């Protein structure tokens with residue numbers, strides 16, 4: 001579980017890079033999307049990029065535990081689903097204010113992360129992957145059994161979250177910038193945590209757990225805290241997803257969704273944070289473009305994944321690095 | 001300081017530790033020697049808490065630590081180095097040591113503020129690096145250090161933990177003559193500051209440093225005492241030193 | 001009582017089916033340290049190929065044989081063209097690449113054979129049901145599936161336990177580096193193991209095709225269940241996979257048939273009808289979480305990973 005998971009192409013997790021030009025560019029582009037969208041099919045573009053950012057937040061959280069903590073979770077979609085259901089369920093009871101629903105969403109997924117993490121973190125490597133999958137599936141089936149809240153069919157979110165009763169997110173542009181703000185906050189929180197004292201221990205546990213124990217660290221506790229942070233941010237993503245799609249369903253928590261999140265993180269390059277945003281965008285936009293191009297986009301997308309793995313180690317960022325390296329050598 | 005009483009360890013049918021009783025006095029450097037497979041590393045693993053003994057007790061400064069997990073023993077002041085270099089390869093040498101400082105300081109649940117710009121921690125870490133002669137190499141990733149430097153880094157990490165007892169599992173393993181001379185020098189300087197348990201094959205190092213020597217064969221203590229006494233012990237010469245010293 | 005016995009038999013039938021898929025998965029994982037998500041599509045392919053060859057030849061036996069051979073050929077092609085390059089990669093990369101293959105093949109199957117479910121008739125000789133005991137009729141074909149699954153289990157037991165290849169497989173699962181150090185052609189061993197696993201999955205697909213609708217994506221559900229099986233059993237352990245498969249088959253089947261009744265004992269009928277099925281679907285995952293909590297490396301750990 002330790003070195004085996006370090007993607008060879010990715011820069012070492014401890015490399016202390018400042019917030020570089022690339023993340024700044026990513027956020028600049030995202031900030032400009034609504035302006036550009038205004039000249040085209042606005043609501044379509046806004047909706048698409050809102051979705052990209054929502055999943056980028058979930059992917060960031062996954063990259064944090066996966067790329068820095070070495071904890072490959074195959075049940076990450078459960079946190080997203082719990083956050084989304086918190087919004088929808090509170091909504092059916094007439095509670096739409098985000099001052100209530102946002103903390104509930106974060107807290108519910110954090111508690112789920114704490115409880116499942118206590119069990120999951122006893123296991124290692126592929127067993128960890130599978131036990132997180134098991135808990136993800138449990139959440140999926142529980143959601144499907146919530147008959148008063150739509151069961152398998154899911155549940156419509158009648159009204160987007162309000163703030164002090166004011167329908168703040170009703171406007172798609174406002175929602176877009178709200179999601180962007182959340183993405184920014186999540187990104188900078190994770191950056192800070194990764195390079196903090198806590199983050200140092202968390203990263204160290206990935207590299208050599210035995211050494212960390214003999215240094216005096218109870219790595220189980222550190223990993224559980226990291227897992228809870230990632231779970232809460234997954235819940236944030238779910239909160240936003242429910243607002244963006246105005247609908248929740250058990251499918252949000254299916255193992256395929258968890259798999260997609262892993263792919264996003266790998267697409268962008270493990271252990272880079274901004275790579276997770278690029279990965280989410282690359283995945284969802286590729287899906288969208290190929291899907292618009294042909295009904296059978298999976299015939300192209302599937303082999304594309306294989307090619308990325310075989311020839312682009314370290315994800316898209318790694319690919320970019322190796323191309324740049326090759327060019328500068330010539 | 002450290003009291004080991006009638007320690008036993010079995011792996012399946014294999015007896016690796018067979019009734020070891022041993023003590024280390026404050027400030028003492030106690031060397032454990034013995035042929036390969038005598039159970040030296042297993043003994044250290046039991047003292048540091050990575051392996052649970054089958055029977056017997058270990059007490060440290062009057063506290064029974066037999067069933068205590070490794071991380072808590074470290075908190076009591078039990079530090080160790082590994083025979084097979086066990087550093088964090090992706091971390092810089094400085095960060096490896098800084099982690100040990102941080103562990104001792106007990107300030108690891110801080111989520112904001114860059115750990116690598118913490119002056120107090122970096123100063124202590126640099127001091128430990130300087131102690132083993134790695135002052136100039138702090139920024140290099142541990143994976144890129146030479147073998148000898150990694151051995152020194154192991155030692156620096158253990159030092160930074162502020163140990164009361166240092167368990168050294170073959171600190172000179174695989175180093176050249178020059179490197180091991182240097183490491184012997186480092187250990188000699190450290191001697192007396194805290195207790196040490198030294199497992200080592202390099203007899204020059206052992207006889208140059210040890211206050212007391214215990215000889216371990218087949219999981220048992222064959223002899224124990226001052227270096228001169230052990231060197232002269234016919235049992236020891238027959239079983240072990242005879243071939244090694246020639 | 002009769003219902004209970006029928007459900008036990010159904011559970012056994014699901015169990016041996018899972019075993020056929022899981023056996024290949026656990027060997028490939030254990031020996032090559034390779035997570036092959038695409039193992040489930042081999043099962044789907046087995047079913048589709050059986051249907052296709054049946055419509056061509058009109059013979060059930062020929063259809064199964066040809067399906068096995070074609071699936072074997074295809075599996076070896078995948079091994080040669082793609083998987084070979086993934087063995088020394090880390091698990092995450094293996095997961096992504098093989099996930100890509102799943103996407104492709106599910107879609108390809110839809111393109112070639114259509115999205116509508118296909119059916120395969122039960123071979124004439126095995127149609128109908130027999131009376132197992134007074135008041136208990138059971139379909140012959142399901143008994144055939146159980147019997148052939150048990151036969152494969154026995155075969156594997158003999159092969160893995162008592163042949164040279166089996167010895168290498170066991171050694172490989174314990175310490176792959178050592179085996180290659182012994183001068184064994186590890187590539188060939190991998191190919192044999194992989195081909196064999198592929199064939200077993202395809203066999204499972206072909207056998208189940210007559211009682212299940214053959215449709216795109218049918219491999220995904222089985223894949224996840226098979227993973228649950230090998231993780232509970234202990235990765236690399238055939239014995240563990242066998243016992244875990246039967247356990248999962250029984251727990252899942254019995255849970256689904258009796259969950260509502262059991263829930264009724266502790267709550268009113270109406271909530272019992274909603275809670276029951278949910279608990280039934282979760283049961284195997286709860287079981288897996290429990291097993292891993294108490295035995296973090298499965299019931300029959302082969303080596304510490």
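Over all directions, average the projected area of the Cα convex hull of segment B:1-73 and note it in nm².
4.9 nm²
Summing -39500 (n - 2.57) over the DSSP H runs of n ≥ 4 in chain C and dividing by its residue number, what mean residue ellipticity at 222 nm do you reach, to the nearest 500 deg cm²/dmol?
-26000 deg cm²/dmol
In 5 Å bins starting at zero, report the fraction of Cα pairs in chain B per bin as a rounded %.
1, 6, 14, 17, 19, 16, 12, 8, 4, 2, 1, 0, 0
Please express the Cα-Cα pair-distance distribution P(r) of segment C:251-301 as a list of whole percents, one per 10 Å bin, running from 0 to the bin with the greatest distance.
27, 39, 24, 9, 0
On average, how many beta carbons from a partner chain sit within 10 Å of the beta carbon of a residue in B:40-49?
Neighbouring Cβ atoms belonging to other protein chains average 1 per residue here.
Arrange the peptides B:81-91, A:171-181 so that the one whose residues have, on average, the most other Cβ atoms within 10 Å appears first.
Peptide ranking by packing, descending: B:81-91, A:171-181.
At a Förster radius of 45 Å, what calculated FRET efficiency corresponds to the Cβ-Cβ distance of residue C:129 and residue A:319, to the nearest 0.05?
Between residue C:129 and residue A:319 the formula returns 0.15.
So for A:64, A:135, fewest C-beta neighbours within 10 Å to most, what's the order?
In order of increasing Cβ crowding within 10 Å: A:135, A:64.
Each label point is 7 Å from the Cα along the Cα-to-Cβ direction; what then is the distance between the points at residue C:184 and residue A:43, in nm?
That separation, rounded to one decimal, is 6.4 nm.
Ranking request for peptides B:183-192, C:205-214: highest mean number of other beta-carbon atoms within 10 Å first, then the rest in descending order.
C:205-214, B:183-192
Two decimals is fine: what is log10 I(q)/I(0) at q = 0.09, 0.11, 0.14 Å⁻¹ for segment B:12-156, from a Debye sum with one equal scatterer on every Cα and no solvent?
-0.36, -0.53, -0.82
What is the Cα radius of gyration of chain C over 2.2 N^0.38 Å, N being its residue count?
Relative to the rule-of-thumb radius for its length, chain C sits at 1.02.
Which number do you get for Rg(Cα) / (2.2 N^0.38 Å) in segment B:79-157?
For segment B:79-157, the normalised Cα radius of gyration is 1.03.
So if R0 is 45 Å, what FRET efficiency would residue B:188 and residue B:64 give, r being the distance between their Cβ atoms, rounded to the nearest 0.05?
0.85
Would you mind checking the radius of gyration and Dmax of segment C:208-276 based on alpha-carbon positions, in Å?
Using the Cα atoms of segment C:208-276, the pair Rg, Dmax is 15.7, 45 Å.
Kirkwood Rh, segment A:9-141, all Cα pairs: how many Å?
Computed over Cα pairs of segment A:9-141, the Kirkwood hydrodynamic radius comes out at 17.4 Å.
Once segment A:142-285 is represented by equal point scatterers at the alpha-carbon sites, with solvent omitted, what log10 I(q)/I(0) does the Debye formula produce at q = 0.11, 0.12, 0.13, 0.14 Å⁻¹?
Each listed q maps to, in turn, -0.56, -0.66, -0.76, -0.86.
Please work out whether segment C:95-209 counts as rounded, prolate or oblate from its C-alpha gyration tensor, where a ≥ b ≥ c are the square roots of the eigenvalues and a/c under 1.5 means rounded, while otherwise a/b larger than b/c means prolate and anything else oblate?
The shape class here is oblate.
Using 0.36 nm per residue, how much length does the chain from residue A:100 to residue A:28 gain when fully extended, once their Cα-Cα distance is taken away?
22.8 nm
Could you identify which residue out of B:17, B:54, B:107 has the top mean-square fluctuation in a GNM of chain B using Cα springs shorter than 10 Å?
Among B:17, B:54, B:107, the largest GNM mean-square fluctuation belongs to B:107.
Taking each residue in B:111-119, count the Cβ atoms of any other chain within 10 Å of its Cβ, then average. What number comes out?
Per-residue shielding by partner chains comes out at 6.
Could you work out how far helix C:238-266 tilts from the main Cα principal axis of chain C, as a 0 to 90 degree angle to the nearest 10?
The helix C:238-266 is inclined about 30 degrees to chain C.
Nearest 0.05, what FRET efficiency do residue A:21 and residue A:293 give at R0 = 22 Å with Cβ-Cβ as r?
0.10
Roughly how tilted is helix C:269-294, in degrees to the nearest 10 and between 0 and 90, from the longest Cα axis of chain C?
30 degrees
With everything on Cα atoms, drop me the angle between helix C:186-208 and the longest principal axis of chain C, reported from 0 to 90° to the nearest 10.
Once rounded, the angle reads 20 degrees.
If packing is taken as the mean number of other Cβ atoms within 10 Å per residue, what is the order of C:219-232, C:125-138, A:116-129, A:231-244, highest first?
Going by the mean number of other Cβ atoms within 10 Å, highest first, we get A:231-244, C:219-232, A:116-129, C:125-138.
How much of the calculated P(r) for segment B:133-208 lies past 16 Å, in percent of all Cα pairs?
48 percent
Based on DSSP H runs of at least 4 residues, each adding -39500 (n - 2.57), what is the mean residue ellipticity at 222 nm of chain A after dividing by all its residues, to the nearest 500 deg cm²/dmol?
Taking each H run of at least 4 residues, the total per residue is -23500 deg cm²/dmol.
Rounded, prolate or oblate: pick one for segment A:135-188, where a ≥ b ≥ c are the square roots of the eigenvalues of its C-alpha gyration tensor, a/c under 1.5 means rounded, and failing that, prolate if a/b is larger than b/c, else oblate.
oblate
Can you give me the distance in nm between label points at residue A:251 and residue A:92, each placed 7 Å from the Cα along the Cα-to-Cβ direction?
1.9 nm
Answer rounded, prolate or oblate for chain A, using the Cα gyration tensor with square roots of eigenvalues a ≥ b ≥ c: rounded when a/c is under 1.5, else prolate when a/b is larger than b/c, else oblate.
The shape class here is oblate.
Return C:140, C:21, B:132 ranked ascending by Cβ neighbour count within 10 Å, so the fewest neighbours appear first.
Result, fewest neighbours first: C:140, B:132, C:21.
Quick one: Cα convex hull volume of the protein assembly as shown, Å³ per residue?
206 Å³
What is the average number of partner chain Cβ atoms found within 10 Å of a Cβ in C:287-294?
Neighbouring Cβ atoms belonging to other protein chains average 5 per residue here.
FYI, it's all coordinate maths here, none of it is from the lab. Nothing here was measured: the structure is a model prediction, and the numbers come from that model. All Cβ positions, even for glycine, are placed from backbone atoms using ideal geometry, and neighbour counts span all protein chains on display.
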